[in-house]
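Contents: one structure, followed by commentary.
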Amino acid sequence: MARKFVTVQCKLCGKDTQKPPSLVKWRKNLFCSKLCDGKYHRIDPNRTHRVCSTCGINKPRSEYSFRQGSPDGLNHYCRSCHNKRSLDYRNKNTEVLKDRQRTLYGNNKHTFKAKRIKQRYGITMEQVENLRDQQGGLCAICKLEPASHIDHDHVTDRVRGLLCNNCNTGLGMFQDNASLMAAGIKYLEDNRD
């Protein structure tokens, strides 16, 4: 039985070449020779650019998302192709995604939030509400804003209190380091008008 072939243009030189339909379908080996294949994937010796495996365009590295398992730390396809693939997947699999959300969230998002808090911080929603009541619903540091973030010690994982967004971010920026915060306080006091 004769094998069927499809005529495609080489990605590099544009020469017509015969390829099996399966390779064309998966966009693999679309070059007329190994020489063109090698040249195509080594267009930029300084590696400031990369060829997208989906659209086949040589684009700057800034056009790619990070991917931990990849040899050069970048995704195989550019952001625009990634966005298109994601949108296509979401459009084709809306029911599957809805079922997955129902499994995760149940019928209400509060159950999911309670599960996540229990898993991450080891406390229940009732304990969070008790803590909020003890603090009068306000941030444990500034006592001005509503307490919306659970603050915990990153070494011991012990919950310390509830903070507003600004105070929680400030602690994070100081890396929970009391000596850095003391240096910041000293700096502010020394430079008062």
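Read-outs throughout are calculated quantities, based only on the coordinates presented, and are distinct from any laboratory measurement. Everything numeric here is computed off the predicted structure, so don't read it as measured data. All Cβ positions, glycine included, derive from the backbone under ideal geometry; neighbour counts span all protein chains shown.
Numbers for the structure displayed
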item	result
HN-Hα J in Hz across region 144-157 - Karplus 6.51, -1.76, 1.60, θ = phi - 60°, x for Gly and Pro	10, 9, x, 7, 10, 10, 7, 9, 9, 6, 6, 8, 9, 6
Around LEU163: net Lys/Arg minus Asp/Glu count, Cβ-Cβ under 15 Å	0
Surface/4 of the Cα convex hull for region 123-190, nm²	4.9 nm²
